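First comes the structure, then the notes that go with it.
A short reminder: the numbers here are calculations on the coordinates, not readings from a lab. From a predicted model like this one, the values you see are computed outputs, not experimental measurements. Glycine gets a Cβ as well: all are built from the backbone with ideal geometry, and neighbour counts include every protein chain shown.
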Amino acid sequence: MLFNSIDFAIFLPIVFLLYWFVTNRNLKLQNALIVAASYVFYGWWDYRFLSLIIFSTLVDYLIGRKLKTEEKKTNRKILLWTSIIVNLGFLGLFKYYNFFLDNFIAAFSLFGSEIKPNSLNIILPVGISFYTFQTLSYTIDVYKRKLEPTKDFIAFSAFVSFFPQLVAGPIERATNLLPQFYTKRQFDYAKAVDGMRQILWGLFKKIVIADNCAVYANEIFNNYGDYSGSTLALGALFFTFQIYGDFSGYSDIAIGTSRLFGFDLKRNFHFPYFSRDIAEFWRRWHISLSTWFRDYLYIPLGGSRGGTWMKIRNTFIIFIVSGFWHGANWTFIVWGALNAIYFLPLLLTKNNRKNLDSIAEGRIIPSFREFTSILITFGLTIFAWIFFRADDITHAFNYIYGLFSLSLFTIPQFSEWDGVYTSLALIFIFILIEWIGREGEYAIEKIGHLLKKPLRWALYLGLIITIFKFGGTEQTFIYFQF
Amino acid sequence: MKKFLFQISIFLILGYFVGEGIIRAFQLTVDVPKLYQDDNDIIKLEPNQTGNNFYGGKWVVTKYGEYNYAPNSLESLITVIGDSYIANNVNGGKCHQAQYLNSLTKGYNFYPSARGGIGFLEFMELAKSLEHLEPVKQLVFVHHGDFVESISEVKKSSQTIQLSLKESKKIYPTLSSNRLKETLYNFKFLYYLYRNYFVNTNNAPTNNRDDKDIEMDYQKFELLLNYIGLNYDIKNIVLIFSPDSDPELTELVKEYNFETLTLKVDNYKSWQLENDSHWSCYGHREAAKQVAKFINESSF
């Protein structure tokens, strides 16, 4: 079920009313409703893959229980690795099997051998990378004794399958989300209103910004050979806002929806395009994934301790694995590696934690230095997104070759400009609102608080009208495929 | 919780009125004309109404209950009968075929009679129903798809009059009750949401000419033509075949004593709209030139 669909618009109020009016007296019943609703939400797409979620839930629940009583280090390790192998095994099979197979065939053909193994016609289960990492975090935390394993199977099932963030995150840690299922939720008016506001902002980002930009990004990336360098630059810019609007929009809707049910999810985006360097960008983009890799991969590998080579190795590992997490394609690996290259100079010169404060704090206009830093970082990010969006490496390099040609200095070419102007104007307004609201959790959080009710409602209605008026064609969320 | 639900309800009601205002001010909904079924069970348009069409323009139903063009007089009348191509809502009511024919010929008045989605048998019914106006000629704009749509055993359609070859009788479309629709049309915003988000339809006119898998069963067409020859007066009828129509069918029709004219063009696409196979104003003008030449050279 898509957040931007009529199905969800009907589903959400039904679950909300059942949750607060029918099951509100019994915690177990309330959690059971969440599990049932989550399974309906997921099964709406393809009910067969529910079995994967249920299996993962069972495995990690049982391993968690066993880890509670098991004291022997070797046995504990075996239990941990069982969970890792089962979860990553599913992920590997569904997401990476054909990728590895194709690359093995290509590698063998280099040496003159021709092999014809059977490739599998595999459908990638929606959200598998997200819930796999969520359940893994539980087992790892229990193994490290950072978290008490749960006895409550319903609460654990609800934690794994919690529908607002099931298919595209934020990837929640068991330490944050699971305890929220143990305590009775009280309806909080302010929290619910805030949730609605965040949902509205998320819908705006997705339907107005991402879906409008998608039209031009798709057209230009799919027919890059027909366009001038300047149009290709615009295509990359459109994709830059498409991916941000799409993914952060999803996160906003997920967090807002959770708040309606009395849950607090972790922030996933923090105005990343206003970052002053790449290190700051990675502290602000897809925060739940970056911190997951930091805590469960980077730090166990040694992090930034050790010598220069160790730092370089670890940086490349974390960025490449992070890229590969997004999809079984060399483009994601190159995207990850490119970000590692951007990041390394900052790390090696110990400048990676330079920009920890708010951007232009207390000021409306940033300083020239801040503005230049933001522009440079933004430019580097746009360039990296080309690899992320391209179908394959050849596509990416051809796109870049076309981009950096003399035609970069010509006027972009479009058969009709009206839609382009509209999209650019919407992007401009979007940046402006994000800039004004950058101190909040999301752009209109503070704006909403500051305005008086009539103006506040006018703002909400304005956003709703914009969604109806300028909403692009309904498109699925990009991160569903990851 | 009560406060939350109350505030949400107030916001939704307010939002509804704002939405209703915007939809009406910017005319964002498509209007469906009021229809009725006459004594002969033919679906007709109620005269003197207007509304927004799918293409951003307006449709107008004249005092005669026909789309977009009314003749100045009913003297020396030539009828122009057809489907959505002749109704011409796609061009926002501009550049009507009858209007072009009027300007390209002398001494005749042209009376259009058309409705989207109807087929050849219904064209003949329309021609019959217009005989009381004593037209000097009846021009029927056809395409082979119109013949296909007229035989229920070939392609079932609930929008037009069809012939059941098995029972050798006409099957009339039924007009569903208008009361619910009329009520819904008054809530423009709800109707807008319903059309755009629930049923996801765009109200684009149906077009049998886009169907690439048309079954050309000439034996059944012969039975249809035989039925029409027995039940309708065809001496005043001229069938104007579209350039993309099946030539074998045109030859077959001639064997059944129909007077015909086949429109010709080297590049048929140049007559059509960019994203729609209906004729553009240019297409209508070019078609009208050929029909006008035929009229001017004939002595009706």
Have a look at the DSSP beta bridges in chain B and tell me what percent are antiparallel, nearest 5. 40
Just to confirm a number: summing +1 for Lys and Arg and -1 for Asp and Glu over residues other than A:Phe21 whose beta-carbon lies under 14 angstrom from that of A:Phe21, what do you get? +3
Hey, with R₀ at 45 Å, roughly what FRET efficiency would B:Tyr268 and A:Ile317 work out to, going by the Cβ-Cβ distance, to 0.05? 0.15
Multiplying the sequence separation of A:Asp357 and A:Met310 by 0.36 nm and subtracting their Cα-Cα distance, what value in nm do you get? 14.1 nm
For n ≥ 4 DSSP H runs only, could you compute -39500 (n - 2.57) per run for the protein assembly as shown, divide by its residues and tell me the 222 nm figure to the nearest 500? -16500 deg cm²/dmol
Given A:Lys452/B:Lys58; A:Lys205/A:Lys350; A:Lys144/A:Lys191; A:Lys206/B:Lys58; B:Lys155/B:Lys235, the pairs whose alpha carbons are separated by over 30 Å: A:Lys452/B:Lys58; A:Lys205/A:Lys350; A:Lys144/A:Lys191; A:Lys206/B:Lys58
With 10 angstrom as the radius, rank A:Met1, A:Met196 by how many other C-beta atoms surround their C-beta, starting from the fewest. A:Met1, A:Met196
Test of understanding: ordering A:Ile128, B:Ile214, A:Ile393 by Cβ neighbours within 10 Å, fewest first, what list do you get? A:Ile393, B:Ile214, A:Ile128
Give me the net charge for the shell around A:Phe247: Cβ to Cβ below 14 angstrom, other residues only, Lys and Arg +1, Asp and Glu -1. +2
For peptide A:193-199, what's the mean number of Cβ atoms from other chains within 10 Å of each residue's Cβ? 1
By how many degrees, 0 to 90 and rounded to 10, does the Cα axis of helix B:120-129 deviate from the longest principal axis of chain B? 80
Overall dimensions of the stretch A:6-185 as given by Cα atoms, namely Rg and Dmax in Å: 19.3, 69
Once the Cβ-Cβ distance between A:Leu93 and A:Tyr401 is put in as r, and R0 is 25 Å, what FRET efficiency do you end up with, to the nearest 0.05? 0.10
Shielding score for A:20-27, defined as the mean number of other chain Cβ atoms within 10 Å: 1
For a footprinting-style exposure proxy, rank A:Asp226, A:Asp194 by other Cβ within 10 Å, fewest first. A:Asp226, A:Asp194
Looking only at other chains, what is the average number of their beta-carbon atoms within 10 angstrom of each beta-carbon in A:457-465? 3
If you fit an axis through the alpha-carbon atoms of helix B:281-297 and take the longest principal axis of the Cα set of chain B, what angle between them do you get, 0 to 90°, nearest 10? 30
FRET E, pair B:Glu131, A:Val40, Förster distance 60 Å, beta-carbon r, rounded to 0.05: 0.45
Gain in span if fully extended, A:Tyr421 to A:Glu148, counting 0.36 nm per residue against the direct Cα distance: 92.8 nm
Under 16 Å by backbone N from the virtual spin label 7 Å along Cα-to-Cβ at A:Thr410, the residues of the stretch A:220-250 are A:224-235
Once you place label points 7 Å from the Cα toward the Cβ at B:Phe6 and A:Trp81, how far apart are they in nm? 6.3
Mean Kyte hydropathy of -1.0 or more with a Cα span along the axis of at least 30 Å, helices from DSSP in chain A: A:229-260, A:368-389
Please compute one quarter of the surface area of the Cα convex hull for the stretch A:150-267 and express it in square nanometres. 8.5
